[in-house]
Amino acid sequence: TLYWAKADGKGRWTLFDPERNAHRVTRQALSSTLRPALDRGEFALEYQPIVGLDDETLHGAEALVRWRHPRFGTLGPDRFIGLAEENGAIVPLGRWVLEASCRQARRWLDDRPHNPVYVSVNVAVRQVWDSDLVADVERILDDTGLPPGLLQLELTESAVMGSAGRPLQALQALSEMGVRIAIDDFGTGYSNLAYLSRLPVRALKLDGTFVRGFRTARHENPADETIVAALVQLAHELGLTVTAECVEGREQAERLRGIGCDTGQGYYYARPMPAPSLTAWLSRAST
Ligand code: C2E
Ligand code: CA
Ligand code: CA
């Protein structure tokens with residue numbers, strides 16, 4: 001229901017939608033409490049396995065942030081990452097995510113030194129521009145003792161396309177350190193592989209929309225599979241590995257394997273889970 005209300009403070013009558021207003025109030029409340037929530041330790045990480053498509057062994061795990069909100073329950077990143085990017089809280093939050101996931105990856109390495117798995121961490125555009133990302137990563141690797149090769153950073157195409165100056169320098173410095181750079185949600189942006197191949201990028205994460213198209217690929221849209229096959233082949237020729245996101249079924253996994261895709265991630269293998277569950281997963285995988 002919409003109400004007429006004198007809401008604009010200038011004596012003008014405007015339409016007032018209580019639902020939209022509630023949404024706006026919640027957004028504001030969340031936005032302004034991000035930083036104190038970080039200090040209170042309300043954020044937590046879950047990890048989702050990244051699995052070899054040929055033998056289903058664990059290669060790595062993506063760290064995904066959650067907000068254990070005292071009033072609203074657990075909030076997914078889609079509810080607050082955008083807000084954090086807008087108000088700058090993404091910089092300290094992103095730093096916390098990096099630190100916590102590297103510490104966790106180091107524990108996994110200590111538990112199973114012969115089967116190392118990497119941790120893959122999402123990095124927002126603003127982190128590449130605003131914070132001293134390179135210095136942060138250097139310090140965190142130093143503090144945790146995690147080998148740089150066991151850290152992968154996921155950046156979106158928009159974070160690296162047209163990157164000159166600071167972002168490019170950051171990518172180069174990170175890559176020289178031995179950190180892996182992956183392009184997240186690949187295929188949703190400009191998808192300029194020729195350009196990406198000139199950047200110090202090691203891996204592509206194929207966006208879920210490609211894999212979703214597979215469900216009907218055989219009967220209705222074989223083009224999808226053809227396109228992904230060509231992309232994977234080209235990526236390999238450029239020296240990039242390819243991870244498929246959103247693998248939800250066995251048939252998808254098999255087709256992706258057939259196409260030569262390297263690793264997969266999705267509900268078919270496992271949902272994101274708290275660190276102790278992944279630790280259990282790890283020990284099961286190694287027996
Ligand atoms: P993303 O990087 O594309 O992460 C994958 C998302 O897909 C996750 O959602 C994951 O739970 C979900 N997913 C995984 N497998 C499947 C599947 O088989 N089917 C479907 N339908 N979905 C699947 P989540 O955890 O809600 O994260 C959403 C987005 O929030 C992430 O998308 C990422 O862009 C962002 N995000 C998460 N953690 C962080 C963080 O620490 N920093 C930053 N900057 N962004 C983050
Ligand atoms: Ca990601
Ligand atoms: Ca993604």
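Sorted by average packing, counted as other Cβ atoms within 10 angstrom per residue and highest first, what order do 177-184, 84-91 take?
177-184, 84-91
Within segment 83-115, name every residue whose backbone N is under 14 Å away from a label modeled 7 Å from Cα of Arg139 along the Cβ vector. From segment 83-115, the list is 91-100.
Quick check: at a probe of 1.4 Å, how many percent of the accessible area of the chain sits on carbon and sulfur atoms? C and S atoms contribute 50 percent here. Residues in segment 80-142 average 42 Å² of solvent-accessible surface per residue, probe 1.4 Å, ligands and nucleic acids excluded. No solvent, one uniform scatterer per C-alpha: report log10 I(q)/I(0) for segment 84-151 via the Debye equation at q = 0.21, 0.23 1/Å, two decimals. Result of the Debye calculation: -0.82, -0.93.
Electrostatic tally near His69: other residues with Cβ closer than 13 Å to its Cβ, Lys and Arg +1, Asp and Glu -1, net +4.
Inter-part distance, segment 81-115 to segment 227-287, computed on C-alpha centroids, equals 21 Å.
Between Val125 and Arg212, the FRET efficiency from the beta-carbon distance, with R0 = 30 Å, is close to 0.75. Expressed to the nearest 5 percent, the antiparallel share of DSSP beta bridges inside the chain is 45 percent. The trypsin sites (Lys or Arg not before Pro) of segment 53-112 meeting both criteria, a DSSP state outside H, G, I, E and B (loop) and at most 13 other C-beta atoms within 10 angstrom of the site's C-beta, are Arg71. Amide H contacts under 5 Å for Leu240: none, restricted to partners 5 or more places along the chain or on a different chain, H placed in the peptide plane at 1.01 Å from N. The chymotrypsin sites (Phe, Trp or Tyr not before Pro) of segment 170-201 meeting both criteria, a DSSP state outside H, G, I, E and B (loop) and at most 16 other C-beta atoms within 10 angstrom of the site's C-beta, are Tyr190. Electrostatic tally near Ala229: other residues with Cβ closer than 12 Å to its Cβ, Lys and Arg +1, Asp and Glu -1, net 0. Evaluated with a Cβ-only charge set (Lys, Arg +1; Asp, Glu -1), the chain carries a dipole of roughly 960 debye about its Cα centre, given to the nearest 20.
Counting only Cβ charges, +1 for Lys and Arg and -1 for Asp and Glu, the dipole size of segment 50-92 around its Cα centre is about 500 debye. Of the residues Glu237, Glu154, the one with the largest accessible area comes first in the ranking Glu237, Glu154, computed with a 1.4 Å probe on protein heavy atoms. Computed per residue of the chain from DSSP H runs no shorter than four, each worth -39500 (n - 2.57), the mean residue ellipticity at 222 nm is -14500 deg cm²/dmol.
The values are calculated or read from the model by the stated rules, or taken from the named source; none is laboratory data. Treat the numbers as computed from the prediction; the structure is a model and nothing was measured. Neighbour counts are summed over all protein chains in view; Cβ atoms, including those assigned to glycine, are modelled from backbone coordinates with ideal geometry. Note: areas computed on protein heavy atoms with side chains; ligands, DNA, RNA excluded. Shrake-Rupley method; radii C 1.70, N 1.55, O 1.52, S 1.80 Å.
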